[in-house]
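Written out below as structure tokens is the structure these notes cover.
The values are calculated or read from the model by the stated rules, or taken from the named source; none is laboratory data. Everything numeric here is computed off the predicted structure, so don't read it as measured data. We place every Cβ from the backbone using ideal geometry, glycine too, and count neighbours over all the protein chains shown. The area values use the complete protein model at the heavy-atom level, side chains included, leaving out ligands, DNA and RNA. Shrake-Rupley method; radii C 1.70, N 1.55, O 1.52, S 1.80 Å.
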Amino acid sequence: MSDVRTRFDLQPDQIPTAWFNLVPDMVKAGMQPLPPLSPQTKEPMGPADLAPLFPESLIMQEVSAEPWIDIPGEVIDIYRLWRPSPLFRATRLEQALETPARIYFKYEGVSPAGSHKPNTAVPQAFYNQQAGIRRIATETGAGQWGSSMAMACSMFGLECDVYMVKASYEQKPYRRVFMETFGASVVASPSDKTNSGRAILEAQPDSTGSLGIAISEAVEDAATHEDTNYALGSVLGHVLLHQSVIGLEAQQQMEMAGERPDVIVGCVGGGSNYAGLAYPFMADKLRGDASMRFLAAEPAACPTLTKGRYAYDYGDTAAIGPIVPMYTLGHDFVPAPVHAGGLRYHGDSPSLSMLVHEGHMDAVAYTQNQIFEAAVLFAKTQGIIPAPEPSHAIKGAIDEALAAKEAGEERVILFNLCGHGHFDMQAYDDYLNGRLPEVEFAEADEDAALANLPEVSIPV
Ligand SMILES: Cc1ncc(COP(=O)(O)O)c(C=O)c1O
């Protein structure tokens with residue numbers, strides 16, 4: 001039996017009691033947040049402009065300059081169902097790679113939905129219920145966010161309508177059943193329930209959908225129903241804030257392991273799981289107390305950070321939601337239907353985009369077959385079948401470990417295993433049987449989409 005410790009658990013009373021907001025540290029480091037703009041006037045939006053979509057408490061979190069925001073007791077009670085989540089050292093993967101690197105991962109697949117998404121679904125449902133809202137409209141890409149919101153809504157007595165990206169709706173039928181088990185209604189997006197869905201279906205009857213399209217449908221639904229609010233599973237500041245529980249726990253657990261990470265890796269769709277892990281550590285770096293690197297991994301089929309433009313763009317395809325400053329491939333860019341459905345988003349969180357733009361974070365893109373090769377090696381060594389999304393982080397961590405071996409150096413790698421892949425068996429079947437196309441990113445599609453950016457530029 002090996003005496004190397006591979007699991008680091010916190011006690012139930014070590015769940016963080018406040019969320020961490022990186023914005024004050026970014027401001028001190030010269031990175032002032034840029035406001036969202038109104039899609040109608042292209043002028044900065046104030047808190048009141050967001051009121052048709054979100055409850056006031058979440059809007060105040062969105063614009064907060066406070067470093068810490070207390071987590072309500074009702075939310076902590078539900079977090080206790082799966083938090084604190086474990087942190088592991090992947091010694092069996094290290095051995096397979098014959099690397100001197102030490103690889104650690106935070107595992108968010110222990111949540112009821114199987115990913116990090118309930119960390120924000122629960123507080124979002126809580127604050128909406130407190131504000132007297134009856135129904136939530138939302139989108140889902142991989143199905144993880146819809147599952148989390150369906151669960152959270154059922155816990156707080158809210159109705160939940162989910163617009164599920166058609167590619168995922170077809171690839172993952174049991175995610176739909178998961179959501180329906182919690183009482184949610186699920187439709188494939190684009191749908192004929194909304195003006196934006198009908199317009200897309202008319203132009204492209206075979207559309208596989210995208211997160212941008214599904215967001216348009218859910219935003220329209222919420223904006224046109226008084227008793228309904230919208231909930232977003234990523235991108236926005238309050239979502240990243242709620243996910244900070246991941247990094248706050250991981251900091252305590254890395255301390256238990258007696259380690260400081262040299263590099264922190266995560267997959268990025270809209271940026272929430274990676275920000276959740278990375279931002280508490282990023283604060284140390286911005287304050288000059290640490291010097292680690294940050295690596296964001298994304299799909300080559302939707303390479304927002306590596307090939308996108310840093311610009312103001314609409315967060316949704318129909319251009320009805322706020323215009324935000326971010327890396328974007330263009331709001332009407334529809335990524336190929338790769339299996340990492342949660343990463344098929346044309347944009348990224350504004351704060352994460354700014355950190356990349358200012359050189360505090362690097363980004364890398366991988367193809368589907370590359371990430372499934374990494375996922376299968378991880379499953380065979382560590383026993384967990386990962387979701388396709390965090391398999392991008394696994395590939396990044398493996399490449400870092402191999403680079404450390406090449407350089408003959410010890411390197412401490414920490415990555416976020418933000419979800420399991422138990423509903424992704426179709427994807428694994430396709431990979432194992434050689435049916436996964438190595439999707440090429442179509443620059444011409446991006447050029448066409450970037451031509452439709454709103455005419456406002458980011459001040460330099
Ligand atoms: C398992 C999983 N990982 C990652 C993501 C990407 O989102 P984010 O970048 O906000 O973490 C999703 C989104 O649906 C997801 O389901």
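Couple of notes before you dig in:
- The residues of the chain present an accessible area of 37 Å² per residue when probed at 1.4 Å with all protein chains retained.
- The chain: angle of helix 388-407 to the longest principal axis, Cα-based, in degrees nearest 10: 30 degrees
- Net charge over other residues, Cβ less than 13 angstrom from the Cβ of residue 83 (K, R count +1; D, E count -1): -3
- Across the accessible surface of the chain, with the other protein chains kept in place and a 1.4 Å probe, carbon and sulfur atoms take up 50 percent.
- Relative pair counts by distance (%), Cα atoms of region 224-280, 10 Å bins: 22, 41, 22, 9, 4, 1
- You can think of it this way: the chain between residue 457 and residue 433 has 4.0 nm of extra reach, that is 0.36 nm per residue less the Cα-Cα gap.
- Taking Cα atoms only, the orientation of helix 244-256 departs from the longest principal axis of the chain by about 10 degrees.
- Additional length obtainable on full extension of the chain from residue 9 to residue 422, 0.36 nm per residue less Cα span: 146.3 nm
- Scalar couplings 3J(HN,Hα) for region 55-61, obtained by applying the Karplus form with A = 6.51, B = -1.76, C = 1.60 to θ = phi - 60°, are x, 4, 4, 6, 5, 5, 5 Hz; x denotes Gly and Pro.
- Helix-only mean residue ellipticity at 222 nm for the chain, each DSSP H run of n ≥ 4 adding -39500 (n - 2.57), per residue, nearest 500: -12000 deg cm²/dmol
- Net charge of the neighbourhood of residue 317, taken over other residues with C-beta under 10 Å away and scored Lys/Arg +1, Asp/Glu -1, is -3.
- Between amide H atoms placed 1.01 Å from N, distances below 5 Å from residue 189 occur with 164, 165, 166, all of them 5 or more places distant or on a separate chain.
- Cysteines not pairable in the chain (beta carbon separation under 4.7 Å absent): 267, 302, 418
- Three-way shape call for the chain based on the alpha-carbon gyration tensor, with the a/c threshold at 1.5: rounded
- 30 Å Cα-Cα threshold exceeded, pairs from 285/380; 106/307; 106/172; 193/307; 172/395; 117/380: 285/380; 193/307
- At R0 = 30 Å, FRET efficiency that the Cβ-Cβ distance of residue 77 and residue 357 yields, to 0.05: 0.15
- Bridge type composition, region 41-193 - antiparallel percent by DSSP, nearest 5: 20 percent
- Between the helical axis of 368-382 and the longest alpha-carbon principal axis of the chain there is an angle of about 50 degrees.
- Residues of region 211-239 with amide N under 19 Å of a point placed 7 Å along Cα→Cβ from residue 198: 213-226
- Between residue 252 and residue 170, the simple label model (points 7 Å from Cα in the Cβ direction) yields a spacing of 4.6 nm.
- Rounded to whole numbers, the Karplus 3J(HN,Hα) couplings from phi for region 302-308 are 9, x, 4, 6, 8, 10, x Hz, using 6.51 cos²θ - 1.76 cosθ + 1.60 with θ = phi - 60°, and x at Gly and Pro.
- Looking at region 270-389 alone, DSSP beta bridges between its own residues are antiparallel in about 55 percent of cases.
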